[in-house]
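Read through the structure below, which is laid out as structure tokens, and then see the notes.
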Amino acid sequence: MIDAEPTTARREEATQSGAEAPRLSARRARFVDLRARIPWLLRVIAAFVLVASIAVVIVSYYRLREQTPFRMLSGKPTLAKEVVGVVEGYERRVTEGDRLRLLLRAARDVTYADGHHELEDVYLEYYPEGNDNPDKISARRARYDQQSALINFAGEVRIETRDHLRVETEEVIYHQQEERVEVPVAVAFARENVRGKAGGATVEAKNRRLELRNGVEITVEPQGGARGQPVVLRAAQANFDQASSVLAFSGGATAEHGREALSAETLTARLASDRKVQRIEARANASLRSLTEGRAAEVLAAEIDLFFDADQRLERATAAQNVRARTLDADAETTVQANEAQLAFAIEDGRSLLREMRIGGRPVITLAAPRSQAGDPRAANKRLTADVVRLFWRATGRDLERAEATGNAELVVEPVRPTPQAERKRLFAPRFDADFYENGNLARQFTATGGARAVFSPVSGEGSERVLTAQMVVALFARATQDVETVEARGDARFNEAARAGQADNVAYSATEGMVRLRGGEPTVWDDRARLKAQEIDSDVRREISFARGRVAATYYSQEQTGGAAPFAKTKSPVFVTAAAAEFHHRTGLAIFTGSARMWQDDNFVRAERLVLRREERRMEAEGKVQSAFYQLRRKGGEIVPVFALADRMAYSEAERLIRYEGDVDVRQGTDRITSETAEVYLDKGANEVERTIAQRNVVVTQPGRRGVGEWAQYTASNEMIVLTGSPARVEDVEQGSTEGRRLTVYLRERRVVAEGGDGPSASGRVRSTHRVRRQN
């Protein structure tokens, strides 16, 4: 049997621990004040233990009477008909020394022949040792049967303890031999800010066990006039085992605080020796939910455990088996799926604030795009997977600060609206470290380390994947849309898309611009036709254009790879280009080199301030201080003479086998030289050899000892002849003299000039020839 004084001590102890318990505050899985309110439940238990104690006192009192033992019948007895004694206005006082211990009053005490007693309008006070405040009990009727060892209070039973615990019911039965108290009907109880009810109750004093049943409900109001909502616990049944210090709610248990709730098929509290809560276990369909505006969240699992420190402040929690967590009213929803989760709390100003969540069992965490940006085509959802994920909250316990994902980590960024231009981004690495914006649980940066890979795929399925690899990859996110803005690959970075690839120390990809930037360690890009190196290379992946700056060096694997745009003879040999800057159009084969550009194959070259190769048109253009030496002249005797040319501009057409020079043209072939404003050089179909050259405007043809001028000239390689026309054309020969005419034919190897007056009826026909006569000695 449990004595009243120890029960009282335990009640007082529970009161102290309840006053010191802090308020739980957490973002996803908060259950405010639950840990602080559990001790109040112990006071409810004390109420029923008190019933047993008072019953023992009553039995002891009647045994002390100096008359026939007092017997009271319980249940539904067959009452004796013979009354052997009646006392009206009965009152009894039991004292120890000069101190009152027990006061019993009854309007009537009837003793029957079978020994049972019945009292009417019973009132009892019991004064514990060392306390002047009594425990009180009253009822309309009371029966005692010593033979069956039953005491029964019935009709408006009211119990009030010295610490102001009040119990109301219609019947209380005490089984003396079993030391068991039964309340077979509805019972209500209250103490200060705690009230509750149940459909019935049982107290097993010998085994120190309490059972509440048939719709248990306990309400704890805020203390001391504090603002806030009450804590309400509901269950089909509640049991307290004092020996094991275990309090269990079963049959679908819930604990609610305003818009926050903990629920499960069973809720079990494990208490320390001082009756403080050490652990709360929620089993079967466990749920932690908060509907507080701006912080609504829930955690679902088969099992949820809460652990408290010595001051009953929540310090950690665990969830196991099919763990699911999500925010409920956030603009950007966050969800978690895992097999297990561990939460750690920090104490700040007496509050338990969520600081860390460790999630194992290959969890999946989804960070949704803000709902407010759902119409933005750039809005994106994120899905994070790893062997283990750790989430860290800011000091307020409300917003995520950072995250760690280890073991085969994978991040998938998926567009909300799959437009034709939309991309799916995937990031792989042994480890991720993530940072978040100050509020809203919005990702700011993911850093992948230990050998990372980023993959960009068109959502439409059309087009090629783009892949970035490096020792470290950093993904930066737009705050508004939560899509990837930039991906930076650092340390031996490589980029690949279909036949196109690149490498540098660092590679940065701007998803908004569709631009890949290569920096450090001699950036290089290449495809199946050419390789490009420079100090800096930017590649526009959407337009398939690369831009290079600083010591640009390009290599076409062969002249064929230029589509014939490079005017060199060896189709299987590589072509090299250097410049200060370059622009490559990978799709069309257009290449633009600027700033002291030089293209060569073996000893053949073209120099200019700007070189343009047009693969599809099979053309090359050069502009600004053009120099060329890539074709030759074959003389009649078989002699091969290289041809050098200078001009402001040059254009080469493979299809026409034509080279066109413009602006201060200067063509030299051996000792022969042609200057003009423009010149067109036609090459032989089978080799880079001059077939004919046509020069126009301010034409000057020079040979050793001979000079010709005109407005138009044509050189024919097969007969080494130049035709000059002008108004007039003129040839000066230091030995032969000079000749003028509308049309002059100069035979370069014969030192012969044939003059013609002109063609057509309007020609003047005037020819003037001046000859030098050698002086005879």
(request) Give me the percent of the accessible area of the stretch 544-594 that comes from carbon and sulfur atoms, probe 1.4 Å, all protein chains in place. (result) 58
(request) Would you mind calculating the gained length between Asn439 and Ile640 on full extension (0.36 nm times residue separation, minus the Cα-Cα distance), in nm to one decimal? (result) 64.5 nm
(request) Please work out, to two decimal places, the log10 of the ratio I(q)/I(0) at q = 0.12, 0.13, 0.20 Å⁻¹ from a Debye calculation in which every Cα of the stretch 418-550 carries one identical scatterer. (result) -0.45, -0.52, -1.17
(request) Estimate the FRET efficiency between Asn214 and Val364 by the formula 1/(1 + (r/R0)^6), using the beta-carbon distance for r and 35 Å for R0, to the nearest 0.05. (result) 0.25
(request) Go through 488-494, 671-677, 716-722 and give me the packing order, highest mean Cβ count within 10 Å leading. (result) 488-494, 671-677, 716-722
(message) Given a 1.4 angstrom probe, what's the average accessible area per residue across the stretch 548-647, in square angstrom?
(response) 44
(request) Sort the following peptides by mean Cβ neighbour count (other Cβ atoms within 10 Å, averaged over residues), highest first: 550-559, 141-150. (result) 141-150, 550-559
(request) Just report the Cα centroid separation between the stretch 617-656 and the stretch 174-223, whole Å. (result) 109
(message) Eigenvalues of the Cα gyration tensor times 5, then square-rooted: what semi-axes does that give for the stretch 242-372, in whole angstrom, largest first?
(response) 26, 16, 15
(message) Could you derive backbone 3J(HN,Hα) for the stretch 494-499 from the dihedral phi with the Karplus parameters 6.51, -1.76 and 1.60 (θ = phi - 60°), listing whole Hz in sequence and x where the residue is Gly or Pro?
(response) 9, 10, 9, 8, 6, 7
(message) Given a 1.4 Å probe and heavy atoms of the protein chains only, how would you sort Lys625, Lys570, largest accessible area at the top?
(response) Lys625, Lys570
(request) Would you rank Met620, Met515 by solvent-accessible area, highest first, keeping every protein chain in place and using a 1.4 Å probe? (result) Met515, Met620
(request) First select every other residue whose beta carbon is under 9 angstrom from the beta carbon of Tyr90; then total the charges, Lys and Arg +1, Asp and Glu -1. (result) 0
(request) Roll a 1.4 Å probe over the protein heavy atoms and report the accessible area of His117 in Å², nearest 10. (result) 10
(request) Identify all lysines with a Cα-Cα distance to Lys425 below 21 Å; exclude those on the same chain that are fewer than 8 residues away in sequence. (result) Lys382
(request) For the stretch 143-299, give the percent of accessible area contributed by carbon and sulfur heavy atoms, probe 1.4 Å, rounded to a whole number. (result) 42
(request) Quick one: which residues, 5+ away or cross-chain, put their amide H under 5 Å from the amide H of Glu333? H built at 1.01 Å from N. (result) Ala368, Arg371
(message) Can you work out the Karplus-derived ³J(HN,Hα) for every residue in the stretch 675-687? Use 6.51 cos²θ - 1.76 cosθ + 1.60 with θ = phi - 60°, whole Hz, and x for glycine or proline.
(response) 10, 5, 7, 9, 8, 10, 10, 9, 9, 5, 5, x, 7
(request) Please provide three numbers in whole Å: the alpha-carbon extents of the stretch 146-203 along the principal axes, with the largest listed first. (result) 41, 24, 19
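The values are calculated or read from the model by the stated rules, or taken from the named source; none is laboratory data. Bear in mind the structure is a predicted one, so any value in this text is a computation, not a measurement. Virtual Cβ from ideal backbone geometry, glycine too; neighbours counted across all protein chains shown. These area figures cover heavy atoms from the full protein model, side chains too; ligands, DNA and RNA do not enter into them. Shrake-Rupley method; radii C 1.70, N 1.55, O 1.52, S 1.80 Å.
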